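**Q** Okay, handing you the structure first.
The values are calculated or read from the model by the stated rules, or taken from the named source; none is laboratory data. Keep in mind that what you see is a predicted model, and the values were worked out from it rather than measured. Backbone-built Cβ (ideal geometry, glycine too); neighbour counts: all protein chains shown.
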Amino acid sequence: MNETKTSSEKNAVRFEHVSKSFGPKQVLADVSFEVPYAQALCILGRSGMGKSVTLKLSIALMRPDEGRIWICSDDITQLEGKPLSEVRRKMGFLFQDAALFDSLSLYDNLALPLHRLTKRSWEEVEDSVTKVLKQVGLEKDKAKMPAALSGGMRKRAGLARALVLEPMVLLVDEPSSGLDRITASEIDELLLKQKEERQTTLVIVTHDVHGARRVGDRFAVLDDGHLIGYGSAEEVEQSENETARKLVSER
Amino acid sequence: MGSILEFLGSLSLFGWRVLKDAFFPPFELEMFGRQLVDIGAKSLLLITAAGIALGTVMAFHTRSSLVTFGATSMIPSVQADAFFIEIGPLVAGLLVAGRVGSGIGAVLANMRATEQIDGIESLSIDSFKFLVVPRVLACILALPILTLFMDFCGVIGGFMSEYFSSHISFYLYITRAFSDLGWANFIPPVLKTAVFGFIIGTVSSYFGYNTNEGADGVGRAATNSVVLSSLLIIVADVILIRCIFFLFPDSAI
C-alpha cells in the first residue's frame with residue numbers, strides 16, 4: 001500500500017500487470033510501466049499490437065481484463081460516473097484522426113468542454129479558446145467546420161481540444177500519421193513545448209521514431225501484447241530483443 | 001432464440017436508461033433544440049406532401065365507393081375519421097422512421113466509427129446524455145406535432161379532390177369533416193405517436209450508438225434502424241389501439 005502511495009506521488013500514469021483480450025486475441029498481456037510527472041513515454045510497436053488500446057485503457061474508454069491503471073493517485077479501472085469524470089478532467093486525448101465533432105465549428109469544438117465543465121463566462125471561454133487556437137496556429141480558422149480543415153490542421157485542432165482544459169496528462173495517438181515531415185515536426189514541437197513549459201505528462205503512441213526520440217524520455221515497445229522493451233532510448237537500444245532494438249533505432 | 005431475447009433485453013435497458021436520464025441534469029437543451037429542428041422542422045415538407053397526396057387519393061377512392069350508396073355527403077367525415085384515427089398517426093410514424101430513423105442510426109454509427117463518441121467521453125461528457133437522450137426526446141415531441149400536420153394536410157387533400165368533383169365549399173367540407181370527430185377520437189391517436197417517437201428514437205439510437213464495425217456498421221445501423229422501427233411501430237399500433245379502446249370506449253367506432 002505504501003509502495004503504491006509512493007509510486008503514485010512520483011508517477012502520473014502507472015500500469016500494473018494489465019491484460020486485455022478481444023475474444024481469443026490477447027492484445028495486452030501482463031503489461032506494467034510507469035510515467036513520472038512531466039515526462040513523456042513513447043509507445044512503439046508494429047500495427048495491431050495494442051498501442052492504441054493502451055491509450056484507451058488509460059482513460060477508461062476500455063476496461064482491462066486484469067490489472068490496475070493508476071492516473072495520479074486514482075485507480076481508473078475502479079471508477080465510474082462522477083469520480084471517473086473527475087479523473088478524466090485531468091486528462092486530454094488527441095485521437096489519431098482528431099475525432100472532432102463534425103456538426104460543430106472549430107470554435108464550438110473547443111468551447112464545448114469549457115461551457116460544460118467549467119463555470120467560466122462566455123468571454124472567459126472565448127479568451128481560453130482563442131489562446132489555445134493561437135498556440136496551435138489556428139486562430140484564424142475558428143469559424144471553419146472540421147470538414148474544411150486539412151489533415152495537419154485537423155491534427156492541430158484535435159490537439160487544441162485536448163489542451164483546452166489544461167490537462168495534467170496528455171494521451172496522444174499517432175501524432176504524425178498521414179502528415180508530411182514538416183507538419184509532423186510542428187506537432188512534435190507543440191508536444192515538446194507542452195511538456196517543458198506546462199509540465200504536462202505525455203503518453204504518445206507513434207510509429208515515428210525520429211519524433212519519438214525528440215519528445216520522449218522513456219520508451220515502451222509492445223509486440224504481440226507483451227512489453228518487450230522499456231526504458232530510455234539507450235536502454236532499449238541495448239535490449240536483447242531484436243524487434244525492440246529495431247523499433248527504437250533511427251537507422 | 002436466446003440471442004433475440006438478449007437483443008430485446010438490451011434494447012429495453014437502453015430505452016429505460018433514456019427515460020431515467022431524461023429526468024436528471026444536466027439537461028441538454030441546446031442539443032434538444034437542434035434535434036427538434038432536424039427531426040421535426042426538416043420533416044415538415046415530406047409530411048405535408050405525403051398528407052396532401054394521400055388525402056387526395058383517399059377521397060377519390062372513398063367517392064367511388066360511397067357514390068353507389070348515394071352517401072357522398074359523408075366523404076369529408078369518413079376522410080377526417082380515417083386520417084385522425086389511424087392513417088395520420090401510422091403513416092407519419094412510418095415516414096419519420098424512414099427519414100429520421102436512418103439519419104439518427106447513420107450519424108451515431110459514424111460518430112462511433114470516427115471516435116467522436118470516444119472524444120466526447122474523453123472530455124468528461126456523458127455521451128449518452130449528450131447524444132442519445134436529446135434525440136429520443138425530440139422524436140417524442142416532434143411525432144405528435146408532425147402527425148397533426150399530416151392529419152390536416154390529409155383533410156386539405158380530401159377537400160381539394162372533392163372541390164374538383166363537386167365544387168363543395170371549404171366551410172361546408174370542414175364542418176362535415178369534424179362533425180363526428182370527438183376529442184376521444186382525436187387526442188389518444190395523436191398521443192399514441194409520442195410512443196412511436198420513442199420507438200424511432202430509441203431503436204435508431206441503439207443501433208447507431210452501439211455499433212462497432214467501422215464504416216460497414218454505418219450502413220447497417222441505418223438499415224436496421226428503419227426496418228426495426230417500422231416493424232415495432234406497426235406492432236405498437238395494434239397494441240395501443242386495444243389500449244385506447246379500453247381506456248376510451250367512445251373512440252371505438
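**Q** Going through the range A:125-137 one residue at a time, which ones are closer than 19 Å to A:LEU191 by Cα and modelled with pLDDT of 90 or more? Steps first, answer last, please.
**A** Narrowing the range A:125-137 to residues closer than 19 Å to A:LEU191 by Cα: A:128-137.
Correct list: A:SER128, A:VAL129, A:THR130, A:LYS131, A:VAL132, A:LEU133, A:LYS134.
**Q** I need the full set of residues from the range B:56-70 which are farther than 19 Å from B:ASP151 by Cβ, part of a helix (DSSP H, G or I) and without any contact (Cβ under 8 Å) to a residue 40 or more places away in the chain, in order please. Full working, then the answer.
**A** Quick first cut of the range B:56-70, residues farther than 19 Å from B:ASP151 by Cβ only: B:63-70.
Applying the additional criterion that residues be part of a helix (DSSP H, G or I) yields B:63-69.
B:SER64, B:SER65, B:LEU66, B:VAL67, B:THR68, B:PHE69, listed by residue number.
**Q** Tell me, which helices (runs of 4 or more DSSP H) lie completely within the range A:142-218 with 3 or more residues that are under 28 Å from A:ASN11 (Cα atoms) and either at pLDDT 95 or above or more than 13 Å from every other protein chain (Cβ to nearest Cβ) (or both)?
**A** Details: elements: A:151-163, A:181-198, A:209-215.
Of the helices (runs of 4 or more DSSP H) lying wholly inside the range A:142-218, those with at least 3 residues that are under 28 Å from A:ASN11 (Cα atoms) and either at pLDDT 95 or above or more than 13 Å from every other protein chain (Cβ to nearest Cβ) (or both) span A:181-198, A:209-215.
**Q** Checking the structure you have, find out if any residue of the range A:97-110 is under 20 Å from the mean Cα position of the chain (by Cα) and of a type in the set (Gly, Ala, Ser).
**A** Of the range A:97-110, the ones under 20 Å from the mean Cα position of the chain (by Cα) are A:97-101, A:109-110.
Now narrow it down to the ones that are of a type in the set (Gly, Ala, Ser): A:98-99.
Yes, that holds for at least one residue.
**Q** One residue is enough: does the range A:197-205 have a residue meeting the conditions touching a Leu at 6+ places or on another chain (Cβ under 7 Å) and more than 23 Å from A:LEU28 (Cα to Cα)?
**A** Within the range A:197-205 (the criterion being touching a Leu at 6+ places or on another chain (Cβ under 7 Å) and more than 23 Å from A:LEU28 (Cα to Cα)), the answer is yes, since at least one residue qualifies.
**Q** So which of A:LYS119, A:LYS134 ends up being within 14 Å of chain B (Cβ to nearest Cβ) and either outside any helix (DSSP H, G or I) or over 21 Å from B:GLN116 (Cα atoms) (or both)?
**A** Values: A:LYS134 fails: within 14 Å of chain B (Cβ to nearest Cβ).
Of the residues listed, the single one that is within 14 Å of chain B (Cβ to nearest Cβ) and either outside any helix (DSSP H, G or I) or over 21 Å from B:GLN116 (Cα atoms) (or both) is A:LYS119.
**Q** If you scan the range A:50-86, which residues turn out to be in contact (Cβ under 8 Å) with a residue 60 or more places away in the chain and under 17 Å from the mean Cα position of the chain (by Cα)?
**A** A:GLY50, A:LYS51, A:SER52, A:THR54, A:LEU55, A:SER58, A:ILE59, A:TRP70, A:ILE71, A:CYS72
**Q** Separate question: Please work out which one of (1) closer than 17 Å to B:GLY119 by Cα; (2) touching a Lys or Arg at 6+ places or on another chain (Cβ under 7 Å) is the condition A:LEU171 fails and give its number.
**A** In the conditions (1) closer than 17 Å to B:GLY119 by Cα; (2) touching a Lys or Arg at 6+ places or on another chain (Cβ under 7 Å), A:LEU171 misses (2) alone.
**Q** Right, here's the next one. Can you find, within the range A:36-77, the residue that is farthest from the other protein chains (Cβ to nearest Cβ) among those that are at positive phi and among the hydrophobic types (A, V, I, L, M, F, W, C)? Before you say what the answer is, go through the steps one by one.
**A** Within the range A:36-77, the subset at positive phi is A:38, A:45, A:48, A:50, A:60, A:67, A:72.
Now narrow it down to the ones that are among the hydrophobic types (A, V, I, L, M, F, W, C): A:38, A:60, A:72.
Details: A:ALA38: 21, A:ALA60: 8, A:CYS72: 15 Å.
Step by step, filter the range A:36-77, then rank; the result is A:ALA38.
**Q** Can you work out which of the residues in the range A:78-110 that are in a loop (DSSP other than H, G, I, E, B), more than 23 Å from A:GLY151 (Cα to Cα) and in contact with a Leu (Cβ under 9 Å, 6 or more places away or on another chain) is farthest from the other protein chains (Cβ to nearest Cβ)? Quick ask: steps written out before the conclusion?
**A** Within the range A:78-110, the subset in a loop (DSSP other than H, G, I, E, B) is A:79-80, A:89-90, A:95-105.
Checking which are more than 23 Å from A:GLY151 (Cα to Cα) leaves us with A:79-80, A:89-90.
Checking the rest, the ones that are also in contact with a Leu (Cβ under 9 Å, 6 or more places away or on another chain) come to A:89-90.
On the way: A:ARG89: 5, A:LYS90: 9 Å.
Among those residues, the one meeting the criterion is A:LYS90.
**Q** So A:VAL136 fits all but one of (1) closer than 19 Å to A:THR200 by Cα; (2) touching a strand residue (DSSP E or B) at 6+ places or on another chain (Cβ under 6 Å); what number is the exception?
**A** (2)
**Q** Follow-up question, since we're still on this one. Take B:THR147 and decide whether it is closer than 23 Å to B:LEU94 by Cα and polar (S, T, N, Q). Before the answer, list the steps.
**A** Numbers: closer than 23 Å to B:LEU94 by Cα: yes; polar (S, T, N, Q): yes.
So B:THR147 fits the description; yes.
**Q** Here is a list of conditions, (1) closer than 22 Å to B:ILE187 by Cβ; (2) within 13 Å of chain A (Cβ to nearest Cβ), and B:GLU115 meets all of them except one; can you say which number that is?
**A** (1)
**Q** Also, I was wondering about something else. Pull up the range A:18-66, narrow it to residues that are part of a loop (DSSP other than H, G, I, E, B) and buried (at least 20 other Cβ atoms within 10 Å of the Cβ), then point me to the one that is modelled with the lowest pLDDT. Walk me through how you get there before you give the answer.
**A** Within the range A:18-66, the subset part of a loop (DSSP other than H, G, I, E, B) is A:23-24, A:37-39, A:46-50, A:59-65.
Subset that is buried (at least 20 other Cβ atoms within 10 Å of the Cβ): A:49-50, A:59-60, A:64.
Values: A:MET49: 82, A:GLY50: 86, A:ILE59: 94, A:ALA60: 93, A:PRO64: 95.
Among those residues, the one meeting the criterion is A:MET49.
**Q** A further question follows. In the range A:106-127, what residues are closer than 11 Å to A:ARG161 by Cα and touching a residue at least 12 places away in the same chain (Cβ under 8 Å)?
**A** Filtering the range A:106-127 down to residues closer than 11 Å to A:ARG161 by Cα leaves A:106-114.
Scanning the range A:106-127 gives A:LEU106, A:TYR107, A:ASN109, A:LEU110, A:ALA111, A:PRO113, A:LEU114.
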